[in-house]
1. Give the number of residues within the range 88-133 that are more than 15 Å from His167 (Cα to Cα) and in a loop (DSSP other than H, G, I, E, B).
2. Which numbered condition trips up Val28, out of (1) at pLDDT 95 or above; (2) in contact with a helix residue (DSSP H, G or I) (Cβ under 8 Å, 6 or more places away or on another chain); (3) surrounded by fewer than 20 Cβ atoms within 10 Å (Cβ to Cβ)?
3. Can you tell me which residues in the range 129-166 are free of Cβ contacts under 8 Å to residues at least 60 places away in the same chain and among the hydroxyl-bearing types (Ser, Thr, Tyr)?
4. Out of all the residues in the range 81-104, is one or more of a type outside the set (A, V, I, L, M, F, W, C), closer than 14 Å to Val37 by Cα and modelled with pLDDT under 95?
5. Only one of Leu161, Leu173, Leu138 is assigned to a helix (DSSP H, G or I) and surrounded by fewer than 18 Cβ atoms within 10 Å (Cβ to Cβ); which?
6. Look through Pro12, Pro45, Pro58, Pro71 and report the one residue that is over 15 Å from the mean Cα position of the chain (by Cα) and under 24 Å from Leu124 (Cβ atoms).
7. Of everything in the range 119-135, what is surrounded by fewer than 19 Cβ atoms within 10 Å (Cβ to Cβ) and either among the aromatic types (Phe, Trp, Tyr) or farther than 18 Å from Asn43 by Cα (or both)? Give them in sequence order.
8. Can you confirm whether Pro45 is closer than 23 Å to Glu145 by Cα, free of Cβ contacts under 8 Å to residues at least 60 places away in the same chain and in a loop (DSSP other than H, G, I, E, B)?
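The values are calculated or read from the model by the stated rules, or taken from the named source; none is laboratory data. All figures in this text were calculated on a predicted structure; none of them were measured in a lab. Every residue, glycine among them, receives a Cβ derived from its backbone with ideal geometry; neighbour counts consider all protein chains shown.
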Amino acid sequence: MRDESSAELQKPWAGFLADLDSALTSSVEVHCLGGFVLIAAYNIPRATGDLDYLMTLPNDASPLLENLGGPDSKLGKKHNVCVQRVGVTDLPEDYDSRLTELKLGLKHLRLLALDPYDLILSKLTRNSPKDVEDVMFLARTQHLEFSVMYSIFEKEMKPWLPNLARHKLTLKLWSEYFSH
């Protein structure tokens, strides 16, 4: 992950988040994942049009966030990007204990990014070609160890995931991208 104290976003994200932050009157913590996290925290060289998030604290801030910066909002249309709550995703149970704040100099908006292992495991169920590229990128650039990821999977996901054989096969295929 890049140095938290010097995280800088490119257009249109810097302006969008500054405007969103200015529109808020109290603090909102946002648990972020997806392409935005890959760009902001891990420097993946691609663009995304949305900031996917899992939850907000306080919990009732989500409708406000969507109203101010969602796909149909004035800010979303102005900057051509938006915030968007993710409906369903599979994540390790204790992902929130490993979140890292993106230090962007915002007053009210506190963006917390998934740890790279949790970000990879969030892609396990869908496993699209783009997800596989993201796994390869994170494993290589963050020097991740397969054993660490697999340990998180075993402890925090395996007990409740349906279709376990499929997920184990995906992990086995992904193992070649990691340090061992």
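1. 12
2. So the condition that Val28 fails would be (3).
3. Hits for the range 129-166 are Ser147, Tyr150, Ser151.
4. Looking through the range 81-104, at least one residue is of a type outside the set (A, V, I, L, M, F, W, C), closer than 14 Å to Val37 by Cα and modelled with pLDDT under 95.
5. Working: Leu161 fails: assigned to a helix (DSSP H, G or I); Leu138 fails: surrounded by fewer than 18 Cβ atoms within 10 Å (Cβ to Cβ).
Answer to the selection: Leu173.
6. Details: Pro12 fails: under 24 Å from Leu124 (Cβ atoms); Pro58 fails: under 24 Å from Leu124 (Cβ atoms); Pro71 fails: under 24 Å from Leu124 (Cβ atoms).
Going through Pro12, Pro45, Pro58, Pro71 in turn, just one is over 15 Å from the mean Cα position of the chain (by Cα) and under 24 Å from Leu124 (Cβ atoms): Pro45.
7. Just the residues of the range 119-135 that are surrounded by fewer than 19 Cβ atoms within 10 Å (Cβ to Cβ), to begin with: 125-133.
Matches in the range 119-135: Thr125, Arg126, Asn127, Ser128, Pro129.
8. Working: closer than 23 Å to Glu145 by Cα: yes; free of Cβ contacts under 8 Å to residues at least 60 places away in the same chain: yes; in a loop (DSSP other than H, G, I, E, B): yes.
Yes, satisfied.
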